[in-house]
1. Give the number of residues within region 70-82 that are in a loop (DSSP other than H, G, I, E, B) and either closer than 15 Å to Ile112 by Cα or small (Gly, Ala, Ser) (or both).
2. Determine whether region 123-138 contains at least one residue that is surrounded by 14 or more Cβ atoms within 10 Å (Cβ to Cβ), of a type in the set (A, V, I, L, M) and closer than 26 Å to Glu30 by Cβ.
3. In region 50-69, what count of residues is obtained for those that are at pLDDT 90 or above and not in a loop (DSSP other than H, G, I, E, B)?
4. For region 142-160, which positions are touching a His at 6+ places or on another chain (Cβ under 9 Å) and either of a type in the set (D, E, K, R) or not in a strand (DSSP E or B) (or both)?
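The values are calculated or read from the model by the stated rules, or taken from the named source; none is laboratory data. Remember, predicted model here, so these are calculated numbers, not experimental data. Methodologically, a virtual Cβ is constructed for each residue, glycine included, from the backbone with ideal geometry; neighbour enumeration extends over all protein chains shown.
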Amino acid sequence: MKHILFFIFLVLILAVFLNCDHGLSPSDAEIVTGIRGVITYENNWPPPDSLKELRLVAFQEFPPGNIFAEILSGHAIAFPSDPDENASLNFDVDRQEYFMEMPVGTYKYIVIAHRFGSNRFSQDSWRAVGQYDTDADSLPTAIKLEENTILLNININVDFKNLPIQPF
């Protein structure tokens, strides 16, 4: 009986070694492209009745045209991408880490969009509450995203008492 168990064990070990060659290759592992960062919230949150949705949106153009036309045409990417109204960034937190998978391209405006109005398809119900900005000026900082790259430290500060420029 011991010899049979030893033989089975030896066959399993050989099978593992014979099937392993160079580890995970690009075809074996999913290669992603996107951005990663932290959203930090300052000052008091708006009243709960005005917190309908918070989305991270990356636009290819600045200023963006119609928010929804940009997203539907693929010229903007929203996160969370789920179209459900309940899919949102977190409310009433001090900070939130995120990873957003995105297509290759140049994104000129990365923003936290806050829906405060009742009509989610009306631009009048949305406002910018934070943007990716590495300069002291009030203009957003563009990024260039290349294939199989994750850009780190795309951090966004949201200050509800000091909003960025309002392009939509």
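1. Here the count works out to 3.
2. So far as region 123-138 goes, no, none of its residues is surrounded by 14 or more Cβ atoms within 10 Å (Cβ to Cβ), of a type in the set (A, V, I, L, M) and closer than 26 Å to Glu30 by Cβ.
3. Total satisfying the criteria: 8.
4. Phe160
For (1) in contact with a strand residue (DSSP E or B) (Cβ under 7 Å, 6 or more places away or on another chain); (2) more than 23 Å from Ile31 (Cβ to Cβ); (3) touching a residue at least 40 places away in the same chain (Cβ under 8 Å), each residue gets a yes or a no:
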position	(1), (2), (3)
Leu72	no, yes, no
Ala87	no, yes, no
Tyr98	yes, no, yes
Glu101	yes, no, yes
Tyr109	yes, yes, yes
Ile112	yes, yes, yes
Gly117	no, yes, yes
